[in-house]
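What follows is a set of notes on a single structure, which appears directly below.
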Amino acid sequence: MPSLKDLRNRIASVKATQKITKAMQMVAAAKLRRAQEAAEAARPYSERMGAVLANITQAIGGGGDAPALMTGTGRDDVHLLIVCTAERGLCGGFNSQIARLAREHIRKLLADGKQVKIICVGKKGFDILRREYGSLILERVDLREVKTLGFVNADAIARKVINLFNQGGFDVCTLFYSQFKSVISQIPTAQQIIPAAPASAAAETSNGATAVYEYEPEPGEILSDLIPRNIAVQIFRALLENAAGEMGAKMSAMDNATRNAGDMINRLSITYNRQRQAQITKELIEIISGAEAL
């Protein structure tokens, strides 16, 4: 059984940890609001971008004017996976859930005889995937020094991906991230961004009718500029969704850690008081026994 001094030291240590987890919870709560607003603000733009792509795709009918980023290479042999996770931990199962979805996708592709390449955005995803698939990782994008995510960060990643595609480095590109729903709910998501596959329903108006557009210049010229921008937009949205999800998961994890620390302090305090009471009782008995022996 530990001594009273050991129990006091342990209680003090847990109290110090509880202060840290409480402070991290408050910081995550403050950052969550800004991150959530940014993620929600990016969703309408991303959805309208998909609607515009759907309209233009319908206009040209996937003909020869369509760029390769939209139609693909015609093969399905080499797959590029962009796995977006957080740069730091202490956020529960947020990073592991994204990595688990990516691992399942990788195993399925490898079982089908496909070649897989990986770009990791975020340190935690890189640390998880390199244990099993280190040889498949092409690059790790480090965003630890970025205080506020901007479109320029996503655009830099998109340019690397597009250059790799133009060099014939892959046929299909899939983006992995966690879609933010609420503080306690983040949904791991896999989204194909190359070749672009906008939903046909996005081109429909709210009353169910399909709008008719005339494009100037030609739709093929518009797509050659719009599709690279759409790839950057989708990556930017994934980064913002991840940022909000990370703060929500960290807030929940630190709240649970604070509660667990409080429970541990209570248990240790009870043990300390019982042991101290037993020690005092023992000393009293020894004093009384000594007095009676005189």
For helix 151-166, what angle does its Cα long axis make with the longest principal axis of the chain, in degrees from 0 to 90 and rounded to 10?
-> 50 degrees
With springs connecting C-alpha atoms under 10 Å apart, model the chain as a Gaussian network and identify which of 70, 264, 251 has the largest mean-square fluctuation.
-> 264
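Counting DSSP beta bridges with both partners in the chain, what percentage is antiparallel, nearest 5?
Percentage antiparallel, nearest 5: 40.
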Any idea what angle helix 94-111 forms with the longest principal axis of the chain, computed on alpha-carbon atoms, 0 to 90 degrees, nearest 10?
-> 50 degrees
Of the residues 91, 13, 35, the Cα lying farthest along the dipole of the stretch 1-141 towards its positive end, which is defined by charges on the beta carbon of Lys, Arg, Asp and Glu, belongs to 13
Carbon and sulfur: what percent of the chain's accessible surface (1.4 Å probe)?
-> 52 percent
GNM of the chain, Cα pairs under 10 angstrom: of 260, 153, 230, the biggest fluctuation goes to 260
Quick one: accessible area per residue over the chain, 1.4 Å probe, rounded to a whole number of Å²?
-> 55 Å²
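Okay, helix-only estimate at 222 nm for the chain: each DSSP H run of n ≥ 4 adds -39500 (n - 2.57), divide by all residues, round to 500 deg cm²/dmol; what do you get? If you can, show how the numbers build up before the last one.
Numbers: 6 runs with 181 residues, N = 294.
After summing the helix terms and dividing by the residues of the chain, the value is -22000 deg cm²/dmol.
Set the Förster radius R0 to 45 Å, insert the Cβ-Cβ distance between residue 221 and residue 135 as r into 1/(1 + (r/R0)^6), and round the FRET efficiency to 0.05. Working shown, then result.
Details: r = 40 Å, r/R0 = 0.89.
So the FRET efficiency works out to roughly 0.65.
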Which ³J(HN,Hα) values in Hz, rounded to whole numbers, follow from the phi angles of the stretch 221-227 under the Karplus curve 6.51 cos²θ - 1.76 cosθ + 1.60, where θ = phi - 60° and Gly and Pro get x?
-> 5, 5, 5, 4, 9, 6, 5
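Given the chain, report the % of alpha carbon pairs whose separation exceeds 33 Å. Intermediate results must be reported in sequence, preceding the final value.
Values: 17822 of 43071 pairs.
Beyond 33 Å sits 41 percent of the P(r) for the chain.
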Would you kindly state how much longer the chain becomes between residue 264 and residue 26 on full extension, computed as 0.36 nm times their sequence separation minus their alpha carbon distance, in nm to one decimal?
-> 83.6 nm
Ordering of 19-32, 130-143 by burial proxy (mean other Cβ atoms within 10 Å per residue, highest first) = 19-32, 130-143
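With only Lys, Arg, Asp and Glu charged, each at its Cβ (+1 for the first two, -1 for the last two), find how big the charge dipole of the chain is about the Cα centre; round to the nearest 20 debye. Provide the component values of the computation, followed by the final result.
Numbers: 37 positive and 30 negative charges, 371 e Å.
With only Lys, Arg, Asp and Glu charged at Cβ, the dipole is about 1780 debye.
The values are calculated or read from the model by the stated rules, or taken from the named source; none is laboratory data. What you see is a predicted model; the values in this text were computed from it and never measured. Neighbour counts run over all protein chains shown; Cβ positions are idealised from the backbone, glycine included. Keep in mind that these areas ignore ligands, DNA and RNA; they rest on the heavy atoms of the full protein, side chains included. Shrake-Rupley method; radii C 1.70, N 1.55, O 1.52, S 1.80 Å.
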